[in-house]
1. What ranking do 336-348, 86-98, 317-329 get when scored by the average of other Cβ atoms within 10 Å per residue, highest first?
2. Quickly work out the residue 329-to-residue 286 label distance, labels modelled 7 Å from Cα along the C-beta direction, and quote it in nm with one decimal.
3. Take the alpha carbon atoms of segment 71-88, find their center, do the same for segment 109-185, and report the distance between the two centers in whole angstrom.
4. Computed FRET efficiency, Cβ-Cβ of residue 224 and residue 64, R0 41 Å: what is it to the nearest 0.05?
5. Per-residue counts of other Cβ atoms within 10 Å, averaged by peptide: what ranking do you get for 116-125, 157-166, highest first?
6. Take every Cα pair under 8 Å in segment 168-302 that's 6+ residues apart, average their separations, divide by the length, and report that relative contact order as a whole percent.
7. List 154, 111 from most exposed to least, where exposure is judged by having the fewest other Cβ atoms within 10 Å.
């Protein structure tokens, strides 16, 4: 009997072990192995896609276009509009994304623009500062952020990557030389000034005055500050002509002063007052064409602003491409517009 019971128990044990051995693997094990396999395959696929994209980029040589901002003194001036036009021409040639935020002659606004450009991480900035002295720390910030700075027209003492300048002093002297040929060495001359820090106005006026003092010391010179729009400059000139009826001549350091000065003289019937202008803007060309040899706007120094804009943008691109070394200085050409050559005068985009 005992032997029978032992045999039964042995059989039960054998069947139990066999059942355990035949039991399928737990559900927890199989999904874990499957998930690991899928993740490995996904990572391998991503790696292959990345390699394919990188290889394609290397093959095409494609790169993101440069972003360059152009900041003129103000866009309400003809000069600023022409500079932007020339810069846009060069930007289109090189596939550059160009913007032209308007400082509008306001230094605080220009500071805000510069700070925004730093946040936007633009590649380069071409700038004619509102105030050549006040802008220095902000140009430093641009360069510290790795942004290339091209300084044009109004020269700052800040260290920049390039300077695109005209010889403003020589331009003032050239204007004075032509002025004396027509005006003579006697009389009273009004020179319109801008705010301190607008170095173009300061240097042009200095060139004009120095030449007059040296070659016509008997001429009396009067200075008057005028800052603002054309309406402001027209009112300034009208007031000065009424306060000093002895004025016989005038030097206007930019086109947007020369035009309202001409208008003021017309309004007051003072076409005997001879005006030496600047910038040789299209409006000044038309005035000289219409009035002919007797035009009292007797000359205007031509800076070719479209050319300045083009050269500034070209230089920014060359710096970004490593084609020129930082610190480069380029002097742009000048010419003299007069009533005699107004019919053939051209505002050149490419001036040699």
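1. 86-98, 336-348, 317-329
2. About 3.8 nm, to one decimal.
3. Centre-to-centre distance over Cα atoms comes out at 13 Å.
4. Calculated transfer efficiency: 0.25.
5. Numbers: 116-125: 17.4, 157-166: 20.4.
In decreasing order of mean packing, 116-125, 157-166 become 157-166, 116-125.
6. Dividing the mean separation by the residue count of segment 168-302 yields 26 percent.
7. Arranged by neighbour count, lowest to highest, 154, 111 become 111, 154.
Read-outs: derived from the displayed coordinates by stated rules, not from any lab. As the structure is a prediction and not an experimental result, all values here were calculated from the model. Please note: Cβ atoms are built from the backbone with ideal geometry, for glycine as well, and neighbour counts cover all protein chains shown.
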